[in-house]
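These notes concern the structure reproduced below.
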Amino acid sequence: MAQPKFRYRLEKILELKRKKEDDEKERLAKLLAEEDKERQLKLQLEAQLASVRAELKERQRNGTLDINGLRFFPQHIKHLENLILNQELRLKELAIRILEQRQNLMRAAQERKTYEKHKETSQETWQAELDAAEAKMIDELATLKYAREQATG
């Protein structure tokens, strides 16, 4: 006799919880990639600023700094410093968004685990009921066999 197959009545909800968790993971991965890109941009700006400052010092040392350079370098340095400051603010904002997204992911994972645990306990209960019914049927068959043997014997 073929054993019936277990069907979890909340399987669709469990699948939705798994999908939600996957979506949250994907959002987190995008934010982390964006953070990495912004961090690289900040490093480039800092390198550019160091290069401009080194060029300014070199021109001052060589005496090749003209009036245009006296106007250009301070403005350019200030501009780069502002861009770096903006990048730092952007990175702080991303850090907050990443923290929030990690919390969303943890919540989604917890919801999924709750449904998976419920499925597991439901399956164990179903299997115990099936085993009990099977044991009862075996007992009844043994009783019938015993009664038959007593009647013929």
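The values are calculated or read from the model by the stated rules, or taken from the named source; none is laboratory data. Because the structure is a prediction, the values reported are computed rather than measured. Positions of Cβ are backbone-derived with ideal geometry, glycine not excepted, and every protein chain shown enters the neighbour counts.
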Name the residue that is farthest from E21 (Cα to Cα), counting only residues in segment 115-134 that are surrounded by 13 or more Cβ atoms within 10 Å (Cβ to Cβ) and within 34 Å of the chain's Cα centre (by Cα). W126
Need the failing condition index for P4 against (1) farther than 18 Å from K117 by Cα; (2) surrounded by 11 or more Cβ atoms within 10 Å (Cβ to Cβ), just the number. (2)
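Listed residues Q110, Q87, Q101; which is assigned to a helix (DSSP H, G or I) and over 15 Å from the mean Cα position of the chain (by Cα)? Can you show your working first?
Details: Q110 fails: over 15 Å from the mean Cα position of the chain (by Cα); Q101 fails: over 15 Å from the mean Cα position of the chain (by Cα).
Criteria check complete, one pass: Q87.
In the set Q101, Q75, Q60, Q110, which member is among the polar types (S, T, N, Q), more than 30 Å from Q3 (Cβ to Cβ) and surrounded by 14 or more Cβ atoms within 10 Å (Cβ to Cβ)? It would help to see each step written out before you state the result.
Values: Q75 fails: surrounded by 14 or more Cβ atoms within 10 Å (Cβ to Cβ); Q60 fails: surrounded by 14 or more Cβ atoms within 10 Å (Cβ to Cβ); Q110 fails: surrounded by 14 or more Cβ atoms within 10 Å (Cβ to Cβ).
Only one candidate passes the filter, namely Q101.
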Restricting attention to segment 52-60, does a residue exist that is part of a helix (DSSP H, G or I), free of Cβ contacts under 8 Å to residues at least 40 places away in the same chain and closer than 30 Å to L16 by Cα? no
When A95 is evaluated against the numbered criteria (1) exposed (fewer than 14 other Cβ atoms within 10 Å of the Cβ); (2) free of Cβ contacts under 8 Å to residues at least 40 places away in the same chain, which criterion, by number, is the only one it fails? (2)
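Each row is one residue, and each column tells you yes or no for (1) on the phi > 0 side of the Ramachandran plot; (2) charged (D, E, K, R); (3) modelled with pLDDT under 95.
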{"site": "L89", "(1), (2), (3)": "no, no, no"}
{"site": "R97", "(1), (2), (3)": "no, yes, no"}
{"site": "A109", "(1), (2), (3)": "no, no, no"}
{"site": "S122", "(1), (2), (3)": "no, no, no"}
{"site": "L130", "(1), (2), (3)": "no, no, yes"}
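Here is a list: K20, K42, K30, K37. Which entry is over 27 Å from L89 (Cα atoms) and either within 36 Å of the chain's Cα centre (by Cα) or without any contact (Cβ under 8 Å) to a residue 24 or more places away in the chain (or both)?
On the way: K42 fails: over 27 Å from L89 (Cα atoms); K30 fails: over 27 Å from L89 (Cα atoms); K37 fails: over 27 Å from L89 (Cα atoms).
K20 is the lone residue from the list that is over 27 Å from L89 (Cα atoms) and either within 36 Å of the chain's Cα centre (by Cα) or without any contact (Cβ under 8 Å) to a residue 24 or more places away in the chain (or both).
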